[in-house]
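Below: one structure, written as structure tokens.
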Amino acid sequence: MHFIHLKDDYIKLGQALKAAGLVDSGVEAKIVVQDGEVKVNGEVDTRRGRKLVAGDMVEFHGEEIKIEK
């Protein structure tokens with residue numbers, strides 16, 4: 001499991017995937033999110049700009065990211 005500690009109130013979904021090292025670029029993040037390969041809190045979310053806050057969980061290809069304050 002990967003942990004992202006927020007510096008601000010939120011982080012965008014595409015940025016979180018990149019920060020956790022699960023994608024190599026913003027373009028790759030955009031593609032996997034738009035293709036429905038990413039779940040936020042157990043549900044597929046196709047919005048790359050989705051704002052993640054403390055407590056949110058992201059799943060991608062068997063990897064998990066937990067957003068923490």
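Considering only protein heavy atoms and a 1.4 Å probe, what is the carbon-and-sulfur percentage of the accessible area of the chain?
Details: 1900 of 4260 Å².
Within the chain, the accessible surface is 45 percent carbon and sulfur.
Each Lys and Arg Cβ is given +1 and each Asp and Glu Cβ -1; about its Cα centre, the chain then shows a dipole of about 300 debye.
Scaling against 2.2 N^0.38 Å puts the C-alpha radius of gyration of the chain at 0.95.
Annotation: the antiparallel percentage among DSSP beta bridges lying fully within the chain is about 75. A simple spin-label model places pseudo-atoms 7 Å from Cα toward Cβ; at Glu43 and Phe3 they are separated by 2.8 nm. Any idea which of Gly36, His61, Gly14 is furthest toward the positive side of the dipole for the chain, if Lys and Arg beta-carbons carry +1 and Asp and Glu beta-carbons -1? The residue sitting most towards the positive pole is Gly14. Across region 46-69, the residues whose backbone nitrogen lies under 14 Å from the label position 7 Å along the beta-carbon direction of Tyr10 are 46-57.
The values are calculated or read from the model by the stated rules, or taken from the named source; none is laboratory data. Worth saying up front: this structure is predicted, and the values here are computed from it rather than measured. No Cβ is skipped: glycine too gets one built from the backbone with ideal geometry, and neighbour counts run over all protein chains shown. Each accessible area value is taken on the protein alone, full model and side chains, heavy atoms only, with ligands, DNA and RNA left out. Shrake-Rupley method; radii C 1.70, N 1.55, O 1.52, S 1.80 Å.
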